[in-house]
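The values are calculated or read from the model by the stated rules, or taken from the named source; none is laboratory data. Model, not experiment: these values are computed from the prediction. Note: ideal-geometry Cβ built from the backbone for every residue, glycine included; neighbour counts use all protein chains shown. Just so you know, the surface numbers come from the protein's heavy atoms only, side chains and all, with ligands and any DNA or RNA stripped out. Shrake-Rupley method; radii C 1.70, N 1.55, O 1.52, S 1.80 Å.
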Amino acid sequence: MIVTLTANPSIDRTVQLEQRLERGSVLRAHSTRSDPGGKGVNVARVLAAADLDVLAVLPGNGGDPLLSALATGGIPHIGVATTGPARTNITIAEPDGTTTKINEPGATLSGSTLDALAQELIARADTALWFALSGSLPPGVPLGWYGELVAALRDHPCKVAVDTSDAPLTALAEGFPGSAPDLLKPNGEELAQLTGVDGHVLERAAENGDPGPAITAAQRLVDRGVGSVLATLGAAGAVLVTSDGAWIATAPPIVAVSTVGAGDSSLAGYILAEAGGGSESERLRHAVAYGSAAASLPGTTLPTPEQIDLAAVSVSAADAASPIPVPTELA
Ligand SMILES: O=P(O)(O)OC[C@@]1(O)O[C@H](CO)[C@@H](O)[C@@H]1O
């Protein structure tokens with residue numbers, strides 16, 4: 001079983017515009033849609049669509065619209081009693097595929113909700129294959145909470161993936177190697193934040209087909225105890241770095257409709273391939289194929305296995321025999 005934790009789930013409301021977004025104007029929406037959201041919920045949705053045994057753990061009370069949507073979608077889940085319903089996050093989508101996202105802070109979680117969420121994980125630590133701890137932490141949650149969970153789970157046979165950002169990500173990294181997960185999934189900006197690398201250098205290089213800075217930055221996290229770093233780089237693809245080597249994947253050309261959920265789909269693709277015994281390059285191939293498929297779908301629509309084009313993703317190994325060159329900007 002794969003267990004996902006979403007401390008700050010959401011209803012994702014997408015507003016599709018027919019024209020460009022103009023600040024200060026009255027704009028008419030062409031269409032709207034609502035999808036169950038929150039990063040761990042999305043990972044669970046992708047894995048469930050691929051018929052994996054999955055469980056989404058999240059705060060929520062019986063009758064909350066988000067839990068009802070998960071039930072309707074056939075996503076196995078446990079809602080832990082909490083004070084308020086899930087937040088609504090807004091995506092404003094423009095005709096050229098540009099998305100602007102406004103995420104609410106989420107309802108405050110009490111100490112007892114936090115303890116109950118942690119208990120749901122610990123109770124499965126000896127049977128679950130993977131835990132995916134994903135997304136922001138709502139008010140009331142200590143910034144170091146992910147680190148505490150990783151530390152509690154790492155004595156068990158399960159593997160733990162973390163995908164978060166900003167202060168919770170920084171707090172997690174401060175606890176390395178004790179809080180280092182088996183898999184960390186930063187995007188380019190988060191990778192830069194964590195490693196002190198200039199984010200512009202990293203992203204510009206990746207866009208120009210040079211994954212060197214991203215690999216170097218990811219290697220720094222592996223040196224600090226992280227098992228594997230899957231760094232997603234948008235249209236430039238992704239890199240996977242472990243203590244055994246580094247792999248690079250380029251993304252197939254797509255018409256981007258909504259990148260919301262693309263990173264979560266990548267994480268799900270990686271876990272799916274790993275759970276099936278796939279090699280590092282196959283895990284990376286699945287990650288990029290799932291992420292690309294998600295980006296070509298509207299709102300927080302997530303891909304099914306039929307929409308995945310593995311053959312369109314090219315993966316290569318960085319030469320393990322020669323050290324990864326450190327670009328001058330990083331040296
Ligand atoms: O505010 P967070 O927790 O960082 O991100 C939440 C969120 O933007 O992430 C998902 C896409 O990755 C969406 O479903 C959701 O709205």
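A few remarks follow.
- Single residue of SER34, SER10 found to be farther than 26 Å from ARG124 by Cα, touching a strand residue (DSSP E or B) at 6+ places or on another chain (Cβ under 7 Å) and within 16 Å of the ligand (Cβ to nearest atom): SER34
- Checking each residue in region 218-271 for being at positive phi and either free of Cβ contacts under 8 Å to residues at least 60 places away in the same chain or more than 16 Å from the ligand (Cβ to nearest atom) (or both) picks out GLY225, GLY234, GLY237, GLY245.
- Top-ranked residue in region 174-189 [being closer than 25 Å to ALA128 by Cβ and buried (at least 22 other Cβ atoms within 10 Å of the Cβ); ranked as nearest to the ligand (Cβ to nearest atom)]: LYS185
- Evaluation of LEU66 against the conditions (1) more than 16 Å from LEU302 (Cβ to Cβ); (2) in contact with a Pro (Cβ under 7 Å, 6 or more places away or on another chain) shows that the sole unmet condition is (1).
- Which numbered condition ARG124 fails, given (1) of a type in the set (D, E, K, R); (2) closer than 24 Å to GLY234 by Cα; (3) in contact (Cβ under 8 Å) with a residue 40 or more places away in the chain: (2)
- If the condition is being within 13 Å of the ligand (Cβ to nearest atom) and in contact (Cβ under 8 Å) with a residue 40 or more places away in the chain, then region 132-148 contributes ALA132, LEU133, SER134, GLY135, SER136, LEU137, PRO138, VAL141.
- Strands (runs of 3 or more DSSP E) lying entirely in region 14-102 (those with 2 or more residues that are open to solvent by 60 Å² or more (accessible area, probe 1.4 Å) and in contact (Cβ under 8 Å) with a residue 12 or more places away in the chain): 29-37, 99-102
- Hey, VAL15 at pLDDT 95 or above and in contact with a helix residue (DSSP H, G or I) (Cβ under 9 Å, 6 or more places away or on another chain) or not: no
- Residue list for region 190-217, filter: open to solvent by 30 Å² or more (accessible area, probe 1.4 Å) and within 20 Å of VAL162 (Cβ to Cβ): GLN193, GLY196
- Taken over region 218-241, the criterion of being open to solvent by 10 Å² or more (accessible area, probe 1.4 Å) and assigned to a strand (DSSP E or B) is satisfied by SER228, THR232.
- Scanning region 128-147 finds one or more residues that are open to solvent by 20 Å² or more (accessible area, probe 1.4 Å) and within 27 Å of GLU306 (Cβ to Cβ).
- Hey, ALA151 away from the ligand (no atom under 16 Å from the Cβ) and in a helix (DSSP H, G or I) or not: yes
- Hits in region 273-293 - residues which are open to solvent by less than 40 Å² (accessible area, probe 1.4 Å) and either under 18 Å from THR304 (Cα atoms) or touching a residue at least 60 places away in the same chain (Cβ under 8 Å) (or both): ALA273, GLU274, LEU284, HIS286, ALA287, VAL288, ALA289, TYR290, GLY291, SER292, ALA293
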